[in-house]
Amino acid sequence: MQSPIYILFQSGNLPAPYAYRFHIESFANHQWKFEKHFVDREELSEEELHAEGFSGDDDYLFEGKLPEIWRDELISLIAKSPIVKDPKKLQNLDHNLFFNYEGEKEQHPANQSLWQYFLEELMQACLETQKFELPFQLFYTEIKEGEKDLTIYLNASFSSKTIIAQRNLGKIKESSVPWKKLEKIFKLISMPDLIEDAVIEQHPNKSGQYISFDGNSWFEFGVGYQEPAVDSNHLMQIESMLKTELW
């Protein structure tokens, strides 16, 4: 598939100033254009935009190369996407999404949630490529008296769609983690509550389990990183994932 691929996504029920659209172009030479444009703001004043946390200059544009895997992923997504012949059947959705390529008319995929997730990851890859954002990082330290400290480091790069895990218990072990695990990782680590008042602004040195997302600010399991309910066990699941499932 050598022809350019065009994708349009437009939010549906969101009011201004939150309403936006994505316009994306992908070319065979791995060049991409990703544009996010906020719409329907004509009647809003600058003060109203600022009150909602916007600057008035919130549009985003990426034009450049992405690794080959992104074009391959898009072509694979198109290949496995059932097409809805009558777009009216999608009117109950809160957005509009279609693509076209090779001179075809607008194609409305039935698997809309997969496309939305792809676009979210694609935008993150663009931001990372432009150095506007860093790859996702996770640091885990477990300290037990009389034992060697266990440290685990996770780096997920959206630009290259790679996840690297490092485990150090006196000896460093490295693992390449399948990208498909990232959604589960994000979902799981977001479940506990972060208690900002309990942050530790230095590397921990007391017995316990600790997590950090930048290597500087640490949260202790059960203290600064707490279960959201008395009957939940997300911390145990996170510990199990980091210690066993990534290796």
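Applying a threshold of 9 Å to beta carbon distances and a minimum spacing of six or more residues, or different chains, the list of pairs starting in the range 38-63 at a residue that is under 30 Å from PHE27 (Cα atoms) and in the same structural domain as ALA19 (by TED's automatic domain parsing) and ending at one that is of a type in the set (Gly, Ala, Ser) and part of a loop (DSSP other than H, G, I, E, B) reads PHE38/ALA16; PHE38/ALA19; VAL39/ALA16; VAL39/ALA19; ASP40/ALA16; ASP40/ALA19.
Within the range 131-166, the set of residues being without any contact (Cβ under 8 Å) to a residue 60 or more places away in the chain and hydroxyl-bearing (Ser, Thr, Tyr) comprises THR151, TYR153, SER157, THR162. For the range 79-93, residues that are part of a loop (DSSP other than H, G, I, E, B) and more than 28 Å from PRO17 (Cα to Cα) total 6. When the residues of the range 1-26 are filtered to those that are more than 23 Å from the chain's Cα centre (by Cα) and not polar (S, T, N, Q), the one that is farthest from PRO109 (Cα to Cα) is ALA16. Do we find that LEU127 is aliphatic (A, V, I, L, M), in a helix (DSSP H, G or I), out of contact with any helix residue (DSSP H, G or I) (no Cβ under 8 Å at 6 or more places or on another chain) and more than 15 Å from TYR20 (Cα to Cα) in this structure? Yes.
Every condition in (1) of a type outside the set (A, V, I, L, M); (2) in the same structural domain as GLU73 (by TED's automatic domain parsing); (3) surrounded by fewer than 16 Cβ atoms within 10 Å (Cβ to Cβ); (4) touching a residue at least 40 places away in the same chain (Cβ under 8 Å) is met by SER175 except one, and the failing one is (2). Any residue at all in the range 60-78 that's more than 18 Å from LYS161 (Cβ to Cβ) and part of a loop (DSSP other than H, G, I, E, B)? No, the range 60-78 contains no residue that is more than 18 Å from LYS161 (Cβ to Cβ) and part of a loop (DSSP other than H, G, I, E, B).
Checked against the criteria, LEU74 counts as within 23 Å of the chain's Cα centre (by Cα) and either farther than 30 Å from ILE238 by Cα or of a type in the set (D, E, K, R) (or both). If the condition is being closer than 12 Å to LEU150 by Cα and among the small types (Gly, Ala, Ser), then the range 194-212 contributes SER207, GLY208. Checked against (1) in the same structural domain as ILE185 (by TED's automatic domain parsing); (2) more than 29 Å from TYR60 (Cβ to Cβ), LYS88 meets all criteria but (1).
The values are calculated or read from the model by the stated rules, or taken from the named source; none is laboratory data. Owing to the predicted nature of the structure, the values given are computational and were not obtained by experimental measurement. Cβ atoms come from the backbone with ideal geometry, glycine included; neighbour counts cover every protein chain shown.
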